[in-house]
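The values are calculated or read from the model by the stated rules, or taken from the named source; none is laboratory data. A quick note: this is a predicted structure, and the numbers were derived from the prediction, not measured. Ideal geometry is used to build each Cβ from the backbone, glycine not excepted, and the neighbour counts take in all protein chains shown.
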Amino acid sequence: MSAEIKNLSPQPVWGYFYDLTQIPRPTGHMEAVTRFMVAFGKGLGLETLQDEVGNVLIRKPATPGMENHKTVILQSHLDMVPQKNSSVKHDFTTDPIQAYIDGDWVTAHETTLGADNGIGAAFAMAVLADKTIKHGPVEALFTVDEEVGMDGAFGLKPGFLKGEILLNCDSEEEGELFVGCAGGADLNISWQFKEDTYIPEGDVAVKISLTGLKGGHSGVDIHLGRANANKLMFRFLKEAVRDLGARLSWIDGGSLRNAIPREAFAIVTIPGDNVEALWEFIADYEEIYRTEYKGVETNIRFAGEMTDLPKTLIPEEIQDNLINAVEGCQNGVISMLADFPGTVESSSNLASVKTSDELIDIKILVRSSSETRKEAVCSSLESVYAMAGAKVEYGDAYGGWQPNIDSVILKVMQKTYQELYGKKPSVKVMHAGLECGIIQETYPNMDMISIGPDLQFPHSPDERINIASVQKVWDFIVATLANI
């Protein structure tokens, strides 16, 4: 089924995208895909370089007569977010993506598709290989490990790139030109504790599962009001502890810092006499959540099952502090941008809550296009968890990409799009983090725009890319290169 994708139009783009789906490339496992990209560049007879962190740069000379045009950099990242439904067996480090055509879209079987940002890389590869399109000097920059830490962009050194204009191919709405994006900061929160080995006689254990949420990209999809599995699970746990005498032994909610949590699981002990009340409680909460998220979440499943009695519990004081802190933690949209109506300025994603080896670990990603607002949100979250006795540490942080109102490439692309499609493209700022802001710190005079086809539900197993929009973006890239 996957190979049928290679017959879609534009055929070179889809062919290269298919090739990328066959190479396992989750963040942190870049060796195979960078080897592939180096071989691709050298196979075309083009100058191919790789820097210290693994980024690959391929240079293509201008077509005759366009040697004096400005050098354009086509930039995309090679890694993908490894998310799958719990019902499917898939090893992202060894297994190819099972992509298929679903009507007007391409999607994958129960996993992320990797169009974020495989389709951007495929656009660049198609430009490098095409001998018919007109363009000035081209550099194709393929960065590594963008999804966790943006290591490739941070590792770029001055002088590695020669281009003056950068066309980032990592945005997700055709017909929109992105001129700025939010920065981000990680908060790593933890409690170290000594496990409680006393479990009252007559207690039984129950595993509680919250599944079926949509999740999604914590930047692109945060404004959609989707449920956060961690927030929902701890809302339930607070009442279960208070009203039914539940004790928490283990929690595993969410996974990646930049993905809205879709699932959460917990093991609790409870007096045997309260089990029937717990089943009713779970059923009631499932109905509450389905009602509250009607029209947003369509498949919420909240269930409990008997399980083996655990050997230890989280100490009651730590348990209560954890529950109260998660309940009080800001999550979702916090502020909106006045200059770009409908665009989120600041947000928080309570990405994961996990217990193991006498340790509770929480990860939160804060995003904002305002550095001061980002600091304020981080400070607010720090206060909540510090009052609950947790250790709070700041992890990776990156600045936003500030719009350039005098952008030459913006004017060229607006005019080109108007000529192609008879309407003006929207000019927007993205709440998700793009590598442009980091690259801008190393190359402050570089003129940048971000574009991409229609991509829905990235960072979730529902990820899909619109076929017709890929053709439109390809035509737009070709026309833009000819006009610069």
- Residues within segment 121-152 that are of a type outside the set (A, V, I, L, M) and part of a loop (DSSP other than H, G, I, E, B), tallied: 11
- Message: Among the numbered criteria (1) assigned to a loop (DSSP other than H, G, I, E, B); (2) modelled with pLDDT of 95 or more, which one does Leu20 miss?
- Response: (1)
- Task: Return the only residue of Val241, Val268 being part of a helix (DSSP H, G or I) and surrounded by 16 or more Cβ atoms within 10 Å (Cβ to Cβ).
- Result: Val241
- Message: Can you confirm whether Gly152 is closer than 26 Å to Glu174 by Cβ and not aromatic (Phe, Trp, Tyr)?
- Response: yes
- Residue check: is Pro444 surrounded by fewer than 15 Cβ atoms within 10 Å (Cβ to Cβ) and under 27 Å from the mean Cα position of the chain (by Cα)? yes
- Would you check which residues across segment 174-227 are assigned to a loop (DSSP other than H, G, I, E, B), surrounded by fewer than 19 Cβ atoms within 10 Å (Cβ to Cβ) and within 17 Å of the chain's Cα centre (by Cα) and list them? Gly225
- State all residues of segment 399-424 that are surrounded by fewer than 20 Cβ atoms within 10 Å (Cβ to Cβ) and under 29 Å from the mean Cα position of the chain (by Cα); if no residue qualifies, say none. Gly399, Gln402, Pro403, Asn404, Ile405, Ser407, Leu410, Gln414, Lys424
- Mind checking whether some residue in segment 114-124 is buried (at least 20 other Cβ atoms within 10 Å of the Cβ), of a type in the set (Phe, Trp, Tyr), under 15 Å from Leu74 (Cα atoms) and out of contact with any Asp or Glu (no Cβ under 7 Å at 6 or more places or on another chain)? yes
- Does segment 197-219 include one or more residues that are modelled with pLDDT of 95 or more and aromatic (Phe, Trp, Tyr)? no
- Do you know which residues across segment 29-64 are without any contact (Cβ under 8 Å) to a residue 60 or more places away in the chain and out of contact with any Lys or Arg (no Cβ under 8 Å at 6 or more places or on another chain)? Glu31, Arg35, Phe36, Val38, Ala39, Lys42, Gly43, Gly45, Gln50, Pro64
- Message: Suppose we keep only residues that are in contact with a Ser or Thr (Cβ under 9 Å, 6 or more places away or on another chain) and aromatic (Phe, Trp, Tyr) within segment 386-437. Which one would you say is nearest to Gly180 (Cα to Cα)?
- Response: Trp401
- Message: With in contact with a Ser or Thr (Cβ under 6 Å, 6 or more places away or on another chain) and more than 20 Å from Asn188 (Cα to Cα) as the only criterion, which of Leu313, Leu248, Leu278 stands out?
- Response: Leu313
- Message: Suppose we filter Leu78, Leu128 for residues that are in contact (Cβ under 8 Å) with a residue 24 or more places away in the chain, surrounded by fewer than 24 Cβ atoms within 10 Å (Cβ to Cβ) and touching a Leu at 6+ places or on another chain (Cβ under 9 Å); which single one remains?
- Response: Leu128
- Message: Pairs please, first residue from segment 373-393 and of a type outside the set (D, E, K, R), second anywhere and modelled with pLDDT of 95 or more and surrounded by fewer than 18 Cβ atoms within 10 Å (Cβ to Cβ), Cβ atoms under 6 Å, 6+ apart in sequence or on different chains.
- Response: Val384/Gly328; Val392/Glu382; Val392/Ala386
- Sole miss for Leu49 among (1) surrounded by 19 or more Cβ atoms within 10 Å (Cβ to Cβ); (2) closer than 16 Å to Thr143 by Cα; (3) in contact with a strand residue (DSSP E or B) (Cβ under 6 Å, 6 or more places away or on another chain) is condition (1)
- Task: For Asp170, state whether it is charged (D, E, K, R), assigned by TED's automatic domain parsing to the domain that holds Asn445, buried (at least 23 other Cβ atoms within 10 Å of the Cβ) and assigned to a loop (DSSP other than H, G, I, E, B).
- Result: yes
